[in-house]
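What follows is a short report on a single structure.
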Amino acid sequence: MVSTMLFEDVVKYYSSGLVKCEIYDYCVGRWVAVECFGGVERRFIRYWRDGRPLSFRSVLDVERVFRSFAFARPRAIYATATVYYRVLRREHLDDVSNVRLCTPVWDVDSRCEHWRYTLEVARLIVDFLERNGVSESVYLKWSGNGLHVHIHERAFSDELLSKHNPLDVAYATVEYALRRLESELKKLISSFEFRKIKVENVMELKRVYTAPLSLHRSLDVACVCFKPSEIDSFEIEWTKPSEFRHNRDWRKFESGEADELAEKALKEVGGYLAKHSVVYVERKAVERKPREVKAGIGRFQIMAILQAARYYVLKGDLEKAKSFGLNRAIFYAWAKHHRGKRMGISGRKARGEIKFTKVFGENVPTSETGWYCMGGIEQRPIDYDRQVTEKVNMAMNYDEVWKQAVEYVKSFPAGILQDPQKFFKEVYEPVRDTFFRKIAEGKLVKGKSVGLDMFMKKQ
């Protein structure tokens with residue numbers, strides 16, 4: 001079913017006051033994307049022409065898209081599941097502390113002509129949510145060749161969201177339901193004549209989903225919303241752009257009704273670091289490869305944590321361990337990218353004379369107050385907490401990360417921990433790209449080494 005709409009028809013469709021208002025109301029606060037089909041190739045636009053992230057600050061911005069990018073022929077409008085505090089600069093998009101809310105989305109991928117099968121799959125998810133106390137805040141969107149099941153982002157209370165990052169809450173809720181429903185979904189889909197239906201948790205920081213009443217990118221289908229009570233009456237004709245049937249009650253929610261479900265999900269699944277999983281594709285379960293977190297934490301934080309754990313295990317001073325861990329992370333990051341250049345670091349400048357202290361075979365600059373330094377700047381425990389602890393806590397529980405990191409470091413002989421090159425090669429390097437994932441899966445610590453235990457007893 002290839003689109004027969006001319007670009008003039010597309011513009012006319014989006015000129016409807018109802019269409020513009022529905023798209024704007026959903027997209028406000030989210031990062032927007034527009035798919036265009038001008039020329040030979042399609043284009044995916046995510047920034048205004050002045051370089052700012054594409055976002056809607058008034059309903060007029062929906063019209064502005066078609067004026068600004070008319071040369072590319074805009075067709076479909078998408079927005080992130082994440083609702084941001086600010087969407088003004090590119091750096092706002094990577095900052096998970098900037099996420100104010102997040103919409104849980106179950107992605108049911110199918111074919112338009114098999115819409116009845118698709119609805120049966122969605123019904124399983126909706127029934128599960130209802131059994132878990134979530135009903136008023138649930139809505140569905142027919143996206144084109146499938147549908148999305150949503151929980152309104154305001155179904156989670158402010159109290160819950162003050163304890164957990166909204167992205168963690170949404171991801172865990174979706175994943176928890178899929179794990180609970182896996183066998184039922186497999187059984188249901190295997191009973192269909194058309195079995196190429198898959199249900200996925202594709203919750204990510206910047207992934208986009210079709211906005212309500214947007215046109216599909218290649219089908220003459222409008223993305224209509226409907227409530228669970230309308231599943232039995234839904235007809236695919238509701239999606240015709242010329243006479244769509246759309247329920248504006250997707251806005252309705254009951255604050256806090258999804259809290260209990262989210263708490264159970266977070267306890268079992270964990271946060272955003274847990275791997276995505278495909279429930280069913282053509283008679284067999286498929287798992288995607290685990291991915292390292294990309295939400296503002298990475299090798300720098302891993303190095304700092306492991307170096308701090310190394311210091312703590314060998315010397316037993318937690319505050320000095322934080323200073324040392326951050327110091328070594330800065331040193332290795334600078335050494336890798338700025339060899340031969342002057343180091344520039346922001347922080348509190350060390351007072352008085354800086355001396356060098358021999359620590360694990362390395363000469364480390366140390367201030368008069370006892371904190372380790374780099375570029376004349378002290379690395380204090382408070383700096384470690386700001387650059388490491390707080391950032392990790394945005395994605396997962398830092399206390400659990402620290403606990404496992406210490407146990408992991410303890411599993412190595414003292415001779416390795418006391419040698420900087422061996423530590424880098426044998427402790428840090430093997431886990432620098434899998435550290436957080438292994439922690440999320442409980443696979444970081446494989447067992448203690450007698451060598452270190454014996455060393456600790458001698459101290």
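The values are calculated or read from the model by the stated rules, or taken from the named source; none is laboratory data. Small disclaimer: the values here were computed from a predicted structure and weren't measured. Methodologically, a virtual Cβ is constructed for each residue, glycine included, from the backbone with ideal geometry; neighbour enumeration extends over all protein chains shown.
Some observations on this one:
- Complete set of residues in region 411-430 that are in contact (Cβ under 8 Å) with a residue 12 or more places away in the chain, farther than 11 Å from L306 by Cα and in contact with a helix residue (DSSP H, G or I) (Cβ under 8 Å, 6 or more places away or on another chain): S411, F412, P413, A414, G415, Q418, E426
- Test for Y117: is it out of contact with any Pro (no Cβ under 8 Å at 6 or more places or on another chain), among the hydroxyl-bearing types (S, T, Y) and more than 30 Å from T389 (Cβ to Cβ): yes
- Answer residue from region 21-45, given it is touching a Pro at 6+ places or on another chain (Cβ under 7 Å) and in contact (Cβ under 8 Å) with a residue 40 or more places away in the chain and is surrounded by the most Cβ atoms within 10 Å (Cβ to Cβ) among those: Y26
- Any hit, region 13-20, residues being assigned to a strand (DSSP E or B), surrounded by 20 or more Cβ atoms within 10 Å (Cβ to Cβ) and modelled with pLDDT of 95 or more: no
- Hey, E353 in a loop (DSSP other than H, G, I, E, B), more than 35 Å from the chain's Cα centre (by Cα) and modelled with pLDDT under 80 or not: yes
Each row is one residue, and each column tells you yes or no for (1) touching a residue at least 24 places away in the same chain (Cβ under 8 Å); (2) in contact with a helix residue (DSSP H, G or I) (Cβ under 6 Å, 6 or more places away or on another chain).
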| position | (1), (2) |
| --- | --- |
| R154 | yes, no |
| S162 | no, no |
| A172 | yes, yes |
| R180 | yes, no |
| N201 | yes, yes |
| T210 | yes, no |
| L213 | yes, yes |
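- Strands (runs of 3 or more DSSP E) lying entirely in region 131-200 (those with 1 or more residues that are in contact with a Pro (Cβ under 9 Å, 6 or more places away or on another chain)): 138-142, 146-151
- Considering the conditions (1) buried (at least 19 other Cβ atoms within 10 Å of the Cβ); (2) modelled with pLDDT of 90 or more; (3) closer than 15 Å to I305 by Cβ, V359 is excluded by exactly one of them, (3).
- Residue match in region 131-138 (condition: out of contact with any Asp or Glu (no Cβ under 7 Å at 6 or more places or on another chain), assigned by TED's automatic domain parsing to the domain that holds E153 and free of Cβ contacts under 8 Å to residues at least 60 places away in the same chain): yes
- When A308, A262 are checked against the criterion of being assigned by TED's automatic domain parsing to the domain that holds E204 and at pLDDT 75 or above, a single residue qualifies: A262.
- Residues of region 83-134 satisfying the condition of being over 21 Å from C225 (Cα atoms) and of a type in the set (K, R): R86, R89, R90, R100, R131
- In region 58-95, of all residues being of a type in the set (K, R) and crowded, with 16+ Cβ neighbours inside 10 Å, the one that is farthest from the chain's Cα centre (by Cα) corresponds to R73.
- Criterion: surrounded by 16 or more Cβ atoms within 10 Å (Cβ to Cβ) and modelled with pLDDT under 90 - qualifying residue of M394, M454: M394
- Every residue from region 73-121 that is assigned to a helix (DSSP H, G or I) and of a type in the set (F, W, Y): W115, Y117
- When region 94-113 is filtered for residues that are within 21 Å of L181 (Cα to Cα) and either modelled with pLDDT under 90 or of a type outside the set (S, T, N, Q) (or both), the ones remaining, listed by number, are P104, V105, W106, D107, V108, D109.
- Restricting region 122-157 to residues that are charged (D, E, K, R) and out of contact with any Phe, Trp or Tyr (no Cβ under 6 Å at 6 or more places or on another chain), the residue that is surrounded by the fewest Cβ atoms within 10 Å (Cβ to Cβ) is R131.
- When residues in region 219-237 are screened for being within 19 Å of V121 (Cα to Cα) and in a helix (DSSP H, G or I), 4 of them pass.
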